[in-house]
Amino acid sequence: MNHPYEFEDIEDYKNGNMSGPDRQAFEEELAKNEYLRQELEALSAEGEIMTYLRKEALIEEMSKWRREEEENGKKILVAGGNIIPFNIRRALAIAASLTLLLVAVYYFTRIADKPDFVEKPTELPSDSTLTTPENQSPPPIIDEKKEEVVMEDKKGEKQERESPPRKEQRPDYWVAAEARIDPMEKSLADRLMSPANPNDTSQNAQLKRWMMEKEYGKISSALANTTNPDYLYVKGIALFRLKNYREAADAFGSIPENVQRGFDAQWGRALALVALLPATCDELSDLLNGIENNEIQLHRKKVAPLKEAIEFSKTCPR
Amino acid sequence: MNNKDKPKKAFTDEEILDALKSYDRRRVHEALKYLWLDKELVNSVKNLLSYKGFDAETETDFWLNDALAEFDRQVKSGKYDTSQSGIKTYIVAIVWKSSASQRRTEKRRTEKNKLLTDSTNSVLRDATVDPEAEFMSQEKIEAIKKAISGLTPRCRKIITLKALHYKNEEIAEEMGYNNKDTVREAVGDCRRMLRTYLANHPALSKIINEK
């Protein structure tokens, strides 16, 4: 069907550029002319097609950007250069060097210099050995191949015993200190409180039962206000077991040096401070210096655990 | 990439919008390239695609290019509202929406294929038509392709260049015409050819005009 309008006229009508009378005439024609309606529809469809073509072309354009990038990258490689810019390469090289340096420093300060504190179980000398140097046990000899500790007894005969299960090696100082508290606790249970009779209701027997049952919370509560050096020692161990190292150190520290457990208490305090490293570096150093200057310590200079504790103090900042 | 193609400055959202709304294709090109090179935008799209389970390394370009082109379309049609979100957020939202839509379609297709495979019903097995929503969008694209196929390759290129806002002088240079007047005539002829084809195929126009 024919009509008097050009494409440009239809476009003007669609874009609202047609004047009032012309617009009215166009709409009258539109109402009766099917082909004019189809051309108007075609004009709208043309806009959609243009949009589609534009989108496709833009996507193609952006894909071209990527291809150009890749080609430029290849050109740089062919030219003998490096695809990574020089300043980034330099930064990467510096970062790699620093990483290696840090690893080396870490190794020498933390691993190479540090004795394997955790994996060398030893027993703290019993009460009798504390006061009689002649009876003290020689330092443990570590047989690393068998992972067993070979201890020489008094007659020089070798006795073998299994080492405790290998613990995870980690820099947490309390792990090392805790390994040392075991023999102290055992010695305590054996010596301080004579056999735990179930019918014995005395405080000693009760404390021993709690100790055997690892009820450390009950022990520390029961001995909260004690001033008895023996009980302070028990309290110190219980608090240590509860990982209340600060309170444990205080409990051990409040035991006078001149009592029977004086040195053991200093040792317990040292272990608690070890567990709190590196925050307690100064306090621990002072304590260890004091122990080294102590006459009793001279008798104990071969006690390996103490040396190891001193070694630990080397990790403190200077 | 050539250094001359790199955007020389940082664009603000307002500048990007001004460029996209202009009919200066160089400005449009520069603004789109600025977005295309924007690390924050690219990484956001990558993270989104990874989150959606796509292979971000290989598919980021596809989704980003599509989203930028769609963003350009929405700016021109006035659909983008600056008060609702920033440009980069909006582009990531386009990727989010279209990738989610694809995931849904894939899921439906997988479930349907499973149903068809498992079914002993021959009617179900033979059914191949996808859900209507998916079909409609595909149908529109097919109609557009059909309408374009009615053009000569030369006309198609001219109309594409026009859609990209090439000036007549640029089209003349691109197409090898002597002057811009020849281009004006060629563009008019090609558009008339397309409209005539569409007017003679009203069913195609109707599908293309459907929202």
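Points to keep in mind about this one:
- Here r is the Cβ-Cβ distance between residue B:62 and residue B:142 and R0 is 22 Å; the resulting FRET efficiency, rounded to 0.05, is 0.60.
- Estimated inter-spin distance, residue A:243 and residue B:167, nm [label 7 Å along Cα→Cβ]: 7.6 nm
- For segment B:147-163, 3J(HN,Hα) per residue [Karplus equation, 6.51 cos²θ - 1.76 cosθ + 1.60, θ = phi - 60°, Hz, x = Gly/Pro]: 5, 5, 5, x, 9, 6, x, 5, 5, 4, 5, 4, 5, 5, 4, 5, 5
- Environment charge of residue A:25, counting only residues whose C-beta is closer than 12 Å and scoring Lys/Arg +1, Asp/Glu -1: -3
- Shielding by partners - mean other protein chain Cβ count within 10 Å, residues of B:159-171: 3
- Ranked for footprinting exposure by Cβ neighbours inside 10 Å, fewest first, A:240, B:11, A:26 give B:11, A:26, A:240.
- Residue order, fewest to most surrounding Cβ atoms within 10 angstrom, among A:214, B:33: A:214, B:33
- Violating pairs (Cα-Cα greater than 32 angstrom) within the set A:64/B:206; A:32/B:79; B:107/B:145; B:167/B:206; B:107/B:157: A:64/B:206; A:32/B:79; B:107/B:157
- Efficiency of FRET between residue A:95 and residue B:52 - r from beta-carbon atoms, R0 30 angstrom, step 0.05: 0.40
- Rounded FRET efficiency, nearest 0.05, which uses the C-beta distance separating residue B:180 from residue B:14 and R0 of 30 Å: 0.40
Taken together, the values in this text are just the output of simple stated rules run on the coordinates, not laboratory data. Nothing here was measured: the structure is a model prediction, and the numbers come from that model. No Cβ is skipped: glycine too gets one built from the backbone with ideal geometry, and neighbour counts run over all protein chains shown.
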